[in-house]
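The values are calculated or read from the model by the stated rules, or taken from the named source; none is laboratory data. Keep in mind the model is a prediction, meaning the values are calculated, not measured. Note: ideal-geometry Cβ built from the backbone for every residue, glycine included; neighbour counts use all protein chains shown. Surface accessibility is based on the protein's heavy atoms, side chains included, excluding ligands, DNA and RNA. Shrake-Rupley method; radii C 1.70, N 1.55, O 1.52, S 1.80 Å.
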Amino acid sequence: MLNIVLFGPPGAGKGTQAYKLIEKYKLVHLSTGDILRAELAAKTKLGEEARKFMDKGELVPDEVVIGMIRKKLNDNSEANGFIFDGFPRTKEQAKALDVLLDESGNSITAMLALDVEHAELVKRLLNRGKNSGRADDQDISIIENRVIVYHNETKLLIDYYSEQGKFSSINGMGTIDEIFKRLCQKVDTFY
Ligand code: B4P
């Protein structure tokens, strides 16, 4: 089973590349951001709770996100593997993911981290804000807060996966196809 953590700051291209990877390698896409936005749109209790954090660019509490992932893994127990997009974002989430995968005799294969310059991140997110109407992409102070949260709470996961020899940095600057090619070159080494 191929289990890839697609990593990087907000706007690094995780979601964009995840869609291309799942198609090529026949994997299941697991994006906590997408799941949370679906809950928001459906106005569920979970969505209303998550909105308070997402609107400020803060992380949604670990227990909420881990519960969502547990359900998705159970629902897709026959999968060839997963692309984890935007998850884990904290050490607690990373540890919980290891435990959940271990229950079925599986583990994370690799963390592929997209490396993108700060100015490019802001440009991409503001651009998406204009086109998609996503509230957290329209306000520069919310975008900057998401980047700060990434540096303070999420980036330390690079150490977590490096210690296990699973970390790879991928140049995330350039066209979507150029970056996809770089990712595929790495993924192909796991087969
Ligand atoms: P996410 O949905 O994960 O949001 P993101 O990191 O901003 O998106 P992503 O990185 O996937 O977007 P992409 O660059 O592909 O999270 C949103 C919020 O949900 C978080 O702030 C948090 O509140 C909450 N949340 C989610 N997961 C959580 C967790 N595990 N724990 C706690 N809270 C959680 O795309 C950005 C734009 O760039 C797009 O418009 C795309 O078209 C464009 N783009 C991509 N690649 C490009 C390229 N090479 N060139 C030009 N444009 C490009």
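Descriptive notes on the structure:
- Summary of the geometry: the stretch 122-191 and the stretch 26-88, compared by the centres of their Cα atoms, lie 17 Å apart.
- For the chain, accessible area per residue (1.4 Å probe, heavy atoms of protein chains only), Å²: 51 Å²
- A DSSP coil position with no more than 14 other Cβ atoms inside 10 Å describes the following GluC sites (Glu not before Pro) in the stretch 99-191: E103, E117, E163.
- When the chain is described by a simple charge dipole with +1 on each Lys and Arg Cβ and -1 on each Asp and Glu Cβ, the residue from G133, F87, L36 located farthest towards its positive end is G133.
- Each other residue within a Cβ distance under 15 Å of R182 adds +1 if Lys or Arg and -1 if Asp or Glu, for a net charge of +1.
- Structure-based [θ]222 nm, the chain - -39500 (n - 2.57) summed over DSSP H runs of at least 4, per residue, nearest 500: -16500 deg cm²/dmol
- Dipole magnitude (debye, nearest 20) for the stretch 16-152, charges at Cβ of Lys, Arg, Asp, Glu: 380 debye
- Each other residue within a Cβ distance under 11 Å of F87 adds +1 if Lys or Arg and -1 if Asp or Glu, for a net charge of 0.
- Heavy-atom accessible surface of the stretch 15-118: percent carbon and sulfur, 1.4 Å: 49 percent
- Comparing mean-square fluctuations of A135, A113, A96 from a GNM of the chain with C-alpha springs under 10 Å, the top value falls on A135.
- Translational D in µm²/s for the chain (Stokes-Einstein at 4 °C, 1.567 mPa s, Kirkwood Rh from C-alpha pairs): 77 µm²/s
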